[in-house]
1. Show the residue pairs that are 6+ apart or on different chains and have beta-carbon atoms under 6 Å apart, the first residue being within region B:219-232 and at negative phi, the second being β-branched (V, I, T).
2. For region B:379-405, give me the residue count where each residue is surrounded by 13 or more Cβ atoms within 10 Å (Cβ to Cβ) and under 24 Å from the mean Cα position of the chain (by Cα).
3. So, in region B:344-381, exactly how many residues are closer than 30 Å to A:Y231 by Cα and at pLDDT below 95?
4. Go through region A:171-198 and give me each residue that's in a helix (DSSP H, G or I), in contact (Cβ under 8 Å) with a residue 40 or more places away in the chain and either surrounded by 22 or more Cβ atoms within 10 Å (Cβ to Cβ) or of a type in the set (V, I, T) (or both).
5. Is region A:205-215 home to any residue that is part of a loop (DSSP other than H, G, I, E, B) and modelled with pLDDT of 95 or more?
6. I'm checking my understanding of the structure. Among residues of region A:199-252 that are within 21 Å of A:P274 (Cα to Cα), among the small types (G, A, S) and surrounded by fewer than 23 Cβ atoms within 10 Å (Cβ to Cβ), which one is nearest to the other protein chains (Cβ to nearest Cβ)?
7. Is it the case that region B:82-89 has a residue that's crowded, with 24+ Cβ neighbours inside 10 Å and within 12 Å of another protein chain (Cβ to nearest Cβ)?
2 protein chains.
Amino acid sequence: MSSQHEFQPIGKRPGLGGDSFSTQRRIRVALDQEPGDLLITGGQVVNVFNRRVEPADIVIADGRIAGVGCYLWRASRTLSASGLVILPGLIDAHMHLESTLLTPAELSRLIVPLGTTTVISDSHEVANVMGVRGIDMLAAASEGLPLDLFFMASSCVPATEWEDAGGLLGPAEVATLLSRPSVLGLAEVMDIPAVLAAGHDVLAKVEMALSARTVVDGHAAGLSGRELIAYAAAGIRSDHESTTVAEARAKCALGMLVQVREGSSAQNLGALLPLLAAGELDDSWCLVTDDIFPNDLKHHGHIDGLLRRVVAGGVSPASAVRHASYVPARHYGLVDRGALAPGYRADLVLVEDLTQFRVNTVIKGGKIAARGGQCLDYGPSPRLDRENTVHLAPLDETAFRLPLAAETCPVIEIVPDQIITRRTSRSVRRVDGDWAFDPERDVLMIASIERHRASGRIGLGLVSGFGLTCDGALGSSVAHDSHNLIIAGTNPRDMLVCARALAAQGGGFVAAAAGHVQAILPLPVAGLLSLGDADKVCRQLEDVNRAAHALGCPLAAPFGTLSFLALPVIPELRITTQGLFDVTDQRFLTLID
Amino acid sequence: MSSQHEFQPIGKRPGLGGDSFSTQRRIRVALDQEPGDLLITGGQVVNVFNRRVEPADIVIADGRIAGVGCYLWRASRTLSASGLVILPGLIDAHMHLESTLLTPAELSRLIVPLGTTTVISDSHEVANVMGVRGIDMLAAASEGLPLDLFFMASSCVPATEWEDAGGLLGPAEVATLLSRPSVLGLAEVMDIPAVLAAGHDVLAKVEMALSARTVVDGHAAGLSGRELIAYAAAGIRSDHESTTVAEARAKCALGMLVQVREGSSAQNLGALLPLLAAGELDDSWCLVTDDIFPNDLKHHGHIDGLLRRVVAGGVSPASAVRHASYVPARHYGLVDRGALAPGYRADLVLVEDLTQFRVNTVIKGGKIAARGGQCLDYGPSPRLDRENTVHLAPLDETAFRLPLAAETCPVIEIVPDQIITRRTSRSVRRVDGDWAFDPERDVLMIASIERHRASGRIGLGLVSGFGLTCDGALGSSVAHDSHNLIIAGTNPRDMLVCARALAAQGGGFVAAAAGHVQAILPLPVAGLLSLGDADKVCRQLEDVNRAAHALGCPLAAPFGTLSFLALPVIPELRITTQGLFDVTDQRFLTLID
């Protein structure tokens, strides 16, 4: 039909519409005029529209649901769901994929068997390293997976002007990303001061996203009152930073989708659950993980695990499912998914019951993708090419010499289980005018080494809280948000070993002692992601943690803690490639004066 | 900033985003760093997100809400809402604007004071007469009004292949319409047989709308079971044809928005209200009028009147308001409206209470648009040019000669207050082989005269139910869906008078007797809309009704009844320009054999 060729689809996202051919077949299958591809019989179906759970068969054609109900349908394959309950595929509406350390293919292999079929990622870690190219790389690496990976265009890359990031997403780059079919809007607007100052660039990005009829995610940490109103007035309509009932209530009242976050580092479900159970947020909430490590996914589950807790906390099962599927799908304009109804994408999760949500089978786009906790083979994984993004200027032990002006110095103090730090003042050991390790004092040297452009820039400072009692060093190429190398250690030799190992591997988590690498988790993709499978990554993560603990470190997740010490947007004191930065006073400190 | 110029907005609808300049100001106003334009103090505010009604001030800047809450704000103008309750502007999500007989400007003048600030019109009447040009004409005529008029691209123009319509909207024309900024999707897909037959053209239109990330409206009259499933499977996600609780339940379960219709001819609120009050449709319902006459709007109100009844029926006021504002706005992608929250368009309705919903003041885009039931002046109304679309071939009394093969004939039988008709068989009076009026028998001649292309095509038949006892005729240029002239009368002379009067006026409702026009309501715009104001139109409508009643017609709305007798998609018997059409058997009947 010629007219169709004249028609210019407006911002078509793959799969939001179908095509005439499959629609025709779907109608015929619904009418039982021809067999479908898959018929699921005998299950109980969760209906997210009327929140009922009722027996129904589901027939699927060309990857979409053709019919749901108590009718006789035929299909070339039948699957019994007798004794099982069927949910729409689960959605994690806000995740930084990079925190899992896994490639999209490996993440898929880990979470699809848990019932997650759609993830919306703000991949601002990879964007800080590689810019638009990094997000494009992840999008390409997610093609053909049984997990649909969507992205938000990261709004704050780099996070501040004090950052030596590898990538930059200005308004032009954000515009480029918004034109990508897998990008659903603007990612969490973290630069609250810029919004409240009505900053031109940040508002230009917001406007672009709204003009493109997409959504803008928020990050309204700690905001309340008039400032929260002003933040919402910018057009920002979601937030995952509510830690109290009062915050969540206030955000809901202003029309923001309350994304209840339960990840590895920040966990808010316990605090907000009573509000959900009381129905006080009405339709305005969903479940997200934000930052989650692979071992937590492995041991505690993903959205399935949160559903279990939400239902145990008093939310009706059908409502809980609605908020883990339909509500986020609708919010992000993913009108093809989130419900078990005719025309919807056939993303289905068969669970044993609505209390434990133990997943029996997962169907993605009409195909069985996982059974009994295992992903089925879906053909070759899309490849991620190894490309070393760790570029260091020549470096020797002298780089880690820290002259001190006095024996009492400003020190970054780690606050266990939180990403804030304290600025403290400590008396330290000084030898020949330079800082020197004292096992009695729990103070390490910390270095931030610019690694994107081999500029040789290195910032040095002191940190307390790693608790090392033996000589050694811990290093990481994951260092929010610029992801320069961050290395904490007792001596220049081991710190240099860490730096060289990270440069050689293209990134990772490393522990060194006695001049040798003790354990390493290589993260060769942008210095952020492993190329190994989930099991191997979990094992290597345990290895590096064990090596850190062997040096005396008592922290549960030493590399997680390390990775946040370079983030100059969160109080109080941080290390950057340009030196020690006081976030509260917005100025650099010196140790040498 | 150069980057903004490189950005191609994807299908930007005016006002979905704002612009950086006004966003900056909105933020500063929210923070009380500068005064807003309008501050509304002391009112109770209905929050559609958490369904609470709480005291709050609202500050507005550049047509949008900058702040809502109990904070001190400044503005160049202050309005006290003390003792009043503030709702978001009300939305009629499905209306055929033409049924009001009013221009957009006059409709606005009538319903904005009732609190309606957004109407989504399926203007398929004007499309049947003028095609795309007709919808463009109405869109142009709505610019600058305090009523936002959006359109759906009519999906079934002409309604069937048996129609002599003036306009045609094939897939190419639908594509053109979908590219218009004021078009929100595909209008009610009335051609159910085509959908169930998986017809290529209708599905092509559906696909276009879905690909453009817009919605597709349904018209699933009488559909149930497998057929309703197949209809939904096409991607159709709303319906306004539920007349029973069971129908509404079934549609909700399939993910369709149940548009509860309460218009002049079809009224379903009474039947569905218990379902709404019980919360059984959850979030899946809104309120629409479909077809409503101006006198009904004048006497019974618009969405405000429906809110009154919905709340009296047991729906909580805040929920009722949510379903008359936020729910339809979200369904149609109008993300800028439907709530009183920061960043939303400042469309506000100040009512006296949440039981009577008597409107005190209406604010549209931040400006006071109506007070105490009267629209405020908003500058010159956009003009609609007079263009006679009634084109008749030369016509004389012989055109209305109806030879009969027998004295017993098939006759269209009107079913009072319904738009279906019965096919009946009647013994009629025959003089010289032609039909002749007999005051004892309640049978009139009915003519459908092609009026778009002056083809001279005329179909004749017989109709029972108008109850004329004196000689005379009733004529109309509103005749669904093709809007040819339709004239019912006792004799050729008065029928010819009607035809000529309609041709002279460019359309209208007319009653003739004794060779003269007795009363006429001119509808010169496409033969469908008056250029008069609402009062005048109501008066003229009463005049023509009175003239019909003087001829003996007992029907409450004789011209409404007349206008549906040519619609060959609804059973059982209809008159078309090609003759009497049996809808059930899908064939033409003959009276002359």
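1. Pairs found: B:A230/A:I27; B:Y231/B:V195.
2. 6
3. Counting residues in region B:344-381 that are closer than 30 Å to A:Y231 by Cα and at pLDDT below 95 gives 0.
4. A:T176, A:L177, A:V195
5. No - not one qualifying residue is present in region A:205-215.
6. A:A250
7. Checking region B:82-89: at least one residue is crowded, with 24+ Cβ neighbours inside 10 Å and within 12 Å of another protein chain (Cβ to nearest Cβ).
Conditions (1) at pLDDT 95 or above; (2) surrounded by fewer than 24 Cβ atoms within 10 Å (Cβ to Cβ), marked per residue:
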position	(1), (2)
B:A512	yes, no
B:G515	yes, yes
B:A547	yes, yes
B:G552	yes, yes
B:L562	yes, no
B:I575	yes, no
B:D585	no, yes
B:T590	no, yes
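The values are calculated or read from the model by the stated rules, or taken from the named source; none is laboratory data. Computed from a predicted model, the values in this text were never measured in an experiment. When we count neighbours, we look across all protein chains shown, and the Cβ atoms used for this are built from the backbone with ideal geometry, even at glycine.
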